[in-house]
Amino acid sequence: MARTLIGLLFAAGIFWGSAAAAAPDPVVPKRIQAGLPVDVALVIAVDISLSMDMGEQALQRDGYAEAFRHPDLLPTIENGLFQRIAVTYVEWGSATDQSIVLPWTVVEDEGSAEAVAAFLEETPIRRSRSTSISGAIDFALELFETKDVEAIRRVIDVSGDGPNNDGRPVLDARAEALAAGVTINGLPVMLRPAGFSPWSIPDLDLYYSDCVIGGPGAFMLPARDPADFKDAIRQKLLLEIALRPSPLVPTAFTPIETAPGTTDCLIGERVRRQMWQD
């Protein structure tokens, strides 16, 4: 009987040992340390409003995960003074709905970049109502104030498929961000024709150019084709890290300075008001 018990314990030990050996170590993003200098602190702020369908949401999330695995990412980071960046990933909807998916994280080598990619892939996607670009910008500014890293540049990367229709006017939020020395870049999502929802507008790219982006080296890169969506995300991320054109980034996406235009920057608020009246 004793021999049998020993055999069972031995077998169990082998089983447990095999299971432990087979279980991979969890991939944990590298959190920031107080006072750590970085070349850029980047807030990736993505729209999760209901006008973004689940296919677009998944494509967007996968696009950022793949961007952090792309072979051009680390060489671009290594061109910086400190050869590291800090990034946080935020999902946003209404003026009162912003959620941190990835807290401030350092990316400086293959392991830290892979950890970010894996974390984004494993985290479920939320949904939200309304579109408050101004709320996303305001939330991002607060994140810069609470972070522990010192950055040469501070950048907000805003992507969305419609104009601001909730919270304060987007021009007010942009003005506050620019006064704080923050650059805002835009990725207008134009995968479906204008009119597919009450909130969609034609020339969303012009809206982003005239009403959303701003600051030194600010640029807007529209995504018009699902097949090119992930490429647009990758190119945008590389540009934000590099700041200026480099051999790693096609010149077609050279940053442009924002200029005042004739776009109605309150068009989303006007549509919302009209819907309430109807």
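The values are calculated or read from the model by the stated rules, or taken from the named source; none is laboratory data. If you're wondering where the values come from, they're calculated on a predicted model, not measured in any experiment. Cβ placement follows ideal geometry from the backbone for every residue including glycine, while neighbour counts extend to all protein chains displayed.
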For segment 119-157, enumerate the residues that are of a type in the set (S, T, N, Q) and either at pLDDT 95 or above or within 17 Å of residue 48 (Cβ to Cβ) (or both). 123, 128, 130, 131, 132, 134
Scan segment 76-85 and give yes if some residue there is buried (at least 23 other Cβ atoms within 10 Å of the Cβ) and over 15 Å from residue 237 (Cβ atoms), otherwise no. no
Segment 218-245, subset charged (D, E, K, R) and under 19 Å from residue 76 (Cα atoms), residue modelled with the lowest pLDDT: 244
Taking segment 215-232 only, how many residues are touching a strand residue (DSSP E or B) at 6+ places or on another chain (Cβ under 7 Å) and on the phi < 0 side of the Ramachandran plot? 9
Condition check: more than 17 Å from residue 149 (Cα to Cα), modelled with pLDDT of 95 or more and not in a helix (DSSP H, G or I). Does residue 116 satisfy that? no
Just to be sure before I move on: is residue 117 within 21 Å of residue 201 (Cα to Cα) and surrounded by 19 or more Cβ atoms within 10 Å (Cβ to Cβ) in the structure I sent? no
Identify all residues within segment 22-43 that are modelled with pLDDT under 70 and exposed (fewer than 10 other Cβ atoms within 10 Å of the Cβ); write none if there are none. 22, 23, 24, 25, 26, 34
Answer yes or no as to whether residue 174 is among the basic types (Lys, Arg) and modelled with pLDDT of 95 or more. yes
Selected residue (only one of 44, 100 is without any contact (Cβ under 8 Å) to a residue 60 or more places away in the chain, assigned to a strand (DSSP E or B), within 21 Å of residue 127 (Cβ to Cβ) and within 17 Å of the chain's Cα centre (by Cα)): 100
Quickly run through segment 169-189 and pick out the residues that are closer than 16 Å to residue 45 by Cβ and touching a residue at least 40 places away in the same chain (Cβ under 8 Å). 170, 173, 174, 177, 182, 184, 185, 187, 189
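Got a sec? Which of 205, 157, 138 is of a type in the set (Asp, Glu), on the phi < 0 side of the Ramachandran plot and in a strand (DSSP E or B)?
Answer to the check: 157.
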Pull out all pairs, ordered by first then second residue, where Cβ-Cβ is under 8 Å, the residues are six or more apart or on different chains, the first lies in segment 147-161 and is closer than 26 Å to residue 204 by Cβ, and the second is basic (Lys, Arg). 157/236; 161/192
In segment 160-194, which residues are of a type in the set (D, E, K, R) and either crowded, with 24+ Cβ neighbours inside 10 Å or not in a loop (DSSP other than H, G, I, E, B) (or both)? 161, 172, 174, 176
Condition met for residue 200 (surrounded by 15 or more Cβ atoms within 10 Å (Cβ to Cβ), within 21 Å of residue 51 (Cβ to Cβ), at pLDDT below 90 and not aliphatic (A, V, I, L, M)): yes
